[in-house]
Structures are given as structure tokens and as C-alpha cells.
Amino acid sequence: MRKLSPNINLDIKYQNYLTKWETEIRGIMPYSKRVKVAKDKWKSRRHLKTFDHICLKLDKMCSGNRRCCYCEDSVADEVEHIKPKNLYPDLTFTWNNYLYACGPCNGRKNDEYALFVGEVFTPLLPSDSPPSPGDDVFINPRQDDPMNFLDLDLGTKIDDGTLQYLPKYGLTQNSMDYQRANYTIETLQLNREVLVAGRKSAALDFRSRLYEYQQKKQNLTPQEIQQFQSDFQKHSYPSVWDHIKAQHQSLPEINQFFQRFPEIQTW
């Protein structure tokens, strides 16, 4: 999981539709009725051209061939409400509350959500009353940089790491940031066996591409170097590369490439 681009916005025509629907929902009382109406309107309107446009824009945030913005593995084919509409009906038609997710991740998250009320971890449950004010526990990649909360266990040579996500090294256990990391990992089950295997394959492929770059660079034209970089950046599991860059000084085999080719730091 990585932070998603904040610079992808809807065309004004479609944003105006969302704003109109959002305003309609916010005016409904009581809260329990607002939840029901929001869910009904979502079902009836998600097949309109507006949502074709939304999906096209969400697609641009995805890595590779429209990979899930949570796990980066499966095809993203569901518009996910980061803050669940069963808990936050006012955000049912809010652009910044959407990302593209796969069915397994969307199903696992479902209505799972929690807040820090003060500093107390408070799971939310559907209710006849709106949630109390508080700070989000779940890491929101539309707003948060997951790199600030998560580390990927790459070991010392990539192929000896577990390739599992862990709370970022140095976070104090039971601190709010540690709890945010742990809650997000557990909610999405980011260390599923299939995801760990996929990350390991990606990490080894990134390493192979660096060796390829080392062998070929002196014979590549500037245009070919640019194309190599572009292909590299379209690779699946881009967050694996983010963590390799962040940890390269602790990976002797990888660090040599960063010393010799400092440009790869920007890839």
C-alpha cells in the first residue's frame, strides 16, 4: 500500500453531480434514515455515467494493470468507501472517500473502522447515532503516507526477508501510530500468504532489473533510459520498490546500485 496521488480530480461536471447528491444526503434526518437513503441512492446511481468517469479516474491511481490500491495484487473492480457508508452516510458521494479495491480487500474491510476518541482505541459499530468525533485509526492512502507507519521486512538480501508488513521500526508499542499500523495490517490481512509470495517475486524482479540496468546502461540512449525507467515504474507491487529505496543502505547487494546509479532513487 502506498500514498495515492492527490492530483487526480474529477471533471467539474461529474464533481457537481457528487456534490449535489452529497448535499441531498446531508439534509436527511434522523441519522438512521440518512444511512438507509444513502445506501439506496448508492445502489441506484452507481451505474450512471458519473461512476464510469469515477472508475476511470480511480484507475489512474492504481499500479500496474489496475491493481488494488490496498494489496497491489488483485484486479481492482470495486469502488471502496474508505470511511464506510454504513457509518458515514454523508461521505457516500464524496470523491476523496473513494479508492479502487479488489473484492477480497473490500470484503475484508467492509464496515470495519475505528477511531481514537481522545487516545482511546474505539471500534465503530452501525448505530442509530453518528460516530463520536475522533481521529481515524485506519491508514487512509488518500490522505496518509503508509510509509510513515509501515515497514516491509526485506531482511539483508531481499530473499531472506519475510516480506511481511510490520509497524514501522521505532514506533513505541501501543502508541497511536503503532496501533494504526497494526489495525490496518490486520483489517486488510496484508500478510496473506499470496500477497507475501507476490511481494517476494516483485522484490527479486526489481533486483534483476537493477542488474540488467547495470549491464546495459552505457549502451542505452537517453530515450531508452527513459523507457527503462518508465517500465520499471509500471511494475506491480510499487510499494515494494518504495521500501527497497527506503532501506537500501541496509541491503548491501542493493546499495551498490544506489551508489553507482543515484538516479534510481527517483524511480
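Axis of helix 238-247 versus longest Cα principal axis of the chain: the two differ by about 60°, to the nearest ten degrees.
Using a Gaussian network model of the chain in which every pair of alpha carbons under 10 angstrom is joined by a spring, one finds that among Asn86, Asn140, Asn96 the greatest mean-square fluctuation is at Asn96. Our coupling estimate for the range 121-130, obtained by passing each phi through the Karplus curve with A = 6.51, B = -1.76, C = 1.60 and θ = phi - 60°, is 5, 10, x, 9, 10, x, 8, 7, 10, x Hz, Gly and Pro reported as x. Between amide H atoms placed 1.01 Å from N, distances below 5 Å from Asp73 occur with Cys68, all of them 5 or more places distant or on a separate chain. Normalising the average separation of contacting C-alpha pairs (under 8 angstrom, six or more residues apart) by the number of residues puts the relative contact order of the range 1-68 at 44 percent. Put simply, the amide H of Ala114, placed in the peptide plane, has neighbours under 5 Å in Leu124, Val137, Phe138, leaving out anything fewer than 5 places away on its chain.
Taking amide H atoms as placed 1.01 Å from N in the peptide plane, the amide H of Glu78 lies under 5 Å from those of Ala101, each 5 or more residues away in sequence or on another chain. Each residue of the range 80-91 is assigned a 3J(HN,Hα), and the resulting list reads 8, 8, 4, 8, x, 5, 5, 10, 10, x, 4, 9 Hz, derived from the Karplus form 6.51 cos²θ - 1.76 cosθ + 1.60 (θ = phi - 60°), x at Gly and Pro.
Remark: relative contact order (the chain) = 18 percent; criterion is Cα-Cα distance under 8 angstrom and separation of 6 or more residues. Taking the C-alpha atoms only, the angle from helix 12-26 to the longest principal axis of the chain is near 50 degrees. Shape analysis of the chain based on the Cα gyration tensor places the equivalent ellipsoid semi-axes at 38, 23, 14 Å, largest first.
The angle between the Cα long axis of helix 31-45 and the main principal axis of the chain comes to about 60°, on a 0 to 90 degree scale.
The orientation-averaged shadow of the Cα convex hull for the range 32-184, equal to a quarter of the hull surface, comes to 10.2 nm².
Scaled against the 2.2 N^0.38 Å expected of a compact globular protein of N residues, the Cα radius of gyration of the range 72-159 reads 1.26.
Note that the range 97-104 has calculated 3J(HN,Hα) couplings of 9, 10, 8, 9, 10, 7, x, x Hz, one per residue in order, obtained from phi through the Karplus relation 6.51 cos²θ - 1.76 cosθ + 1.60 (θ = phi - 60°); glycine and proline are x.
Laboratory data are not the source of any read-out in this text; all were calculated from the coordinates shown. What you see is a predicted model, and the numbers here were worked out from it, not measured in a lab.
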